[in-house]
């Protein structure tokens with residue numbers, strides 16, 4: 001059966017309603033005029049139709065700063081929503097803080113991870129005035145859910161994942177099950193003929209690292225396709241020339 | 001039936017992914033309820049890693065594990081720290097490649113050289129987590145073999161399906177030999 005939106009088909013039926021309720025609640029909690037958090041990661045790629053497989057999805061919420069995070073925690077939420085923290089407290093390491101939680105409206109649980117990472121938040125929101133919420137009304141099991149969420153731009157997600165130290169380690173160790181690498185290949189495969197995509201990557205990578213460094217890392221990932229178990233992505237020759245530019 | 005699994009070790013051993021695959025096998029392919037968590041306490045900063053999966057025929061009222069049915073330990077540190085959380089007659093599954101001192105308690109111990117099997121019999125050290133999944137599937141029976149295979153195939157690229165299924169089946173067979 002075809003579902004509308006199509007991405008709903010990749011969330012298992014048992015957790016579909018909970019997933020939509022989580023996204024609707026986050027939509028209601030997000031102040032679109034004064035942004036304090038955005039949704040990043042796999043769920044945003046899924047909702048933009050870049051990922052087409054069924055796994056145990058979760059939602060990553062990236063906060064502007066600790067104050068925004070604390071404000072969010074204290075915001076009034078739906079009465080029937082239960083939130084359980086998996087971590088004892090906000091876990092802070094060198095450049096990232098996180099708190100893993102599970103949300104439930106009806107004893108079906110959906111993971112929502114809270115993340116604090118200043119430079120990444122700034123990167124994803126550097127064009128904040130032009131960010132438009134992802135808006136759609138979704139009906140599932142006779143219930144309608146209104147989603148209107150500011151989410152990371154999928155092409156920015158590619159940039160962030162390419163320069164991530166975690167991806168670099170996964171490439172070095174040939175981790176074929178790397179989730180980040182899978183996302184990079186998924187988006188690049190769909191957008192390979194789209195010059196605007198490549199242009200966006202080359203134009204915006206400098207927000208996170210040196211552009212030539214970015215091109216080098218991306219080239220290394222794409223060149224490792226077979227080794228990692230992916231089909232080779234046929235990149236247009238002019239893009240390849242740009243990628244190989246010293 | 002509520003079954004609690006904790007996978008513990010250090011970062012880079014693929015335990016979070018293994019937890020996700022186990023939860024996906026139960027929830028997506030076996031039609032059960034499942035929760036999966038990755039949790040880091042202050043002690044996790046040293047690079048330790050922990051994933052918990054709860055599988056239940058009924059809806060899950062509370063998603064955190066409290067009485068562990070099966071504990072997988074990929075490091076001595078994890079074994080020392082968590083074995084007391086095992087419920088009576090639970091299963092302590094240790095990777096004997098890394099865990100030498102086996103604690104005593106009212107639980108069953110299953111000691112298998114998981115990492116060594118991954119490296120020598122499957123041909124890639126990094127699939128030790130998938131070998132472990134095969135062992136867990138056979139030891140517990142909490143998910144079906146077919147469900148875990150389907151979940152693995154949903155997670156890995158086409159080019160490595162064979163290798164990962166080989167890792168899973170090797171682990172499954174090792175556990176089968178133990179239980180025979």
Original post:
Of the conditions (1) in contact with a helix residue (DSSP H, G or I) (Cβ under 9 Å, 6 or more places away or on another chain); (2) at pLDDT 95 or above, residue B:105 fails just one. Which one is it?
Top reply: (2)
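Can you pull out the residues in segment B:157-175 that are facing chain A (nearest Cβ under 10 Å) and part of a helix (DSSP H, G or I)?
First, pick out the residues of segment B:157-175 that are facing chain A (nearest Cβ under 10 Å): B:157-164.
The answer is B:158, B:159, B:160, B:161, B:162, B:163, B:164.
Kindly state which strands (runs of 3 or more DSSP E) lie completely within segment B:63-156 and contain at least 2 residues that are surrounded by fewer than 21 Cβ atoms within 10 Å (Cβ to Cβ). Outline the logic, then answer.
Numbers: elements: B:68-73, B:86-95, B:107-112.
It comes to B:86-95, B:107-112.
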**OP:** Scan segment B:3-28 for residues that are under 21 Å from residue B:76 (Cβ atoms) and touching a residue at least 60 places away in the same chain (Cβ under 8 Å) and jot them down.
**Re:** B:5, B:6, B:7, B:8, B:9, B:10, B:13, B:14, B:15, B:18
**OP:** For residue A:96, indicate whether it is under 18 Å from residue A:156 (Cβ atoms) and surrounded by fewer than 18 Cβ atoms within 10 Å (Cβ to Cβ).
**Re:** yes
Subject >> Odd one out for residue B:178, checked against (1) surrounded by fewer than 20 Cβ atoms within 10 Å (Cβ to Cβ); (2) within 14 Å of another protein chain (Cβ to nearest Cβ) >> reply: (2)
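If you go through segment A:110-133 one residue at a time, do you hit one that is modelled with pLDDT under 90, farther than 23 Å from residue B:54 by Cα and in contact with a helix residue (DSSP H, G or I) (Cβ under 8 Å, 6 or more places away or on another chain)? Walk me through it before giving the result.
Let us first name the residues in segment A:110-133 that are modelled with pLDDT under 90, namely A:126-132.
Narrowing further to those that are farther than 23 Å from residue B:54 by Cα: A:126-132.
Retained after the next criterion (residues that are in contact with a helix residue (DSSP H, G or I) (Cβ under 8 Å, 6 or more places away or on another chain)): A:126.
Yes: segment A:110-133 contains one or more residues that are modelled with pLDDT under 90, farther than 23 Å from residue B:54 by Cα and in contact with a helix residue (DSSP H, G or I) (Cβ under 8 Å, 6 or more places away or on another chain).
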**OP:** Scan segment B:39-53 and give yes if some residue there is in contact (Cβ under 8 Å) with a residue 12 or more places away in the chain, part of a helix (DSSP H, G or I), in contact with a strand residue (DSSP E or B) (Cβ under 7 Å, 6 or more places away or on another chain) and more than 8 Å from every other protein chain (Cβ to nearest Cβ), otherwise no.
**Re:** no
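Within segment A:81-108, work out how many residues are more than 10 Å from every other protein chain (Cβ to nearest Cβ), at pLDDT below 95 and part of a loop (DSSP other than H, G, I, E, B).
Narrowing segment A:81-108 to residues more than 10 Å from every other protein chain (Cβ to nearest Cβ): A:81, A:83, A:90, A:95-97, A:105.
From the residues that got through so far, the ones that are at pLDDT below 95 too are A:90, A:95-97.
Still in the list and also part of a loop (DSSP other than H, G, I, E, B): A:90, A:95-96.
Result for segment A:81-108: 3.
Quick check on segment B:12-34: of everything there that is under 14 Å from residue A:176 (Cα atoms) and part of a loop (DSSP other than H, G, I, E, B), which residue is modelled with the highest pLDDT?
Of the residues in segment B:12-34, the ones under 14 Å from residue A:176 (Cα atoms) are B:12-14, B:17-18.
So of that shortlist, the ones also part of a loop (DSSP other than H, G, I, E, B) come out as B:12-14.
Numbers: B:12: 82, B:13: 87, B:14: 91.
Taking the candidates together, the pick is B:14.
Of everything in segment B:8-25, what is more than 7 Å from every other protein chain (Cβ to nearest Cβ) and touching a helix residue (DSSP H, G or I) at 6+ places or on another chain (Cβ under 7 Å)? Give them in sequence order.
Of segment B:8-25, the ones more than 7 Å from every other protein chain (Cβ to nearest Cβ) are B:8-13, B:15-16, B:18-19, B:21-22, B:25.
Once the filter is applied, which keeps residues that are more than 7 Å from every other protein chain (Cβ to nearest Cβ) and touching a helix residue (DSSP H, G or I) at 6+ places or on another chain (Cβ under 7 Å), segment B:8-25 yields B:8, B:9, B:13, B:15, B:18, B:21, B:22, B:25.
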Original post:
Hey, among A:176, A:146, which residue is surrounded by fewer than 16 Cβ atoms within 10 Å (Cβ to Cβ) and not in a helix (DSSP H, G or I)?
Top reply: A:146
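The values are calculated or read from the model by the stated rules, or taken from the named source; none is laboratory data. If you're wondering where the values come from, they're calculated on a predicted model, not measured in any experiment. Neighbour counts run over all protein chains shown; Cβ positions are idealised from the backbone, glycine included.
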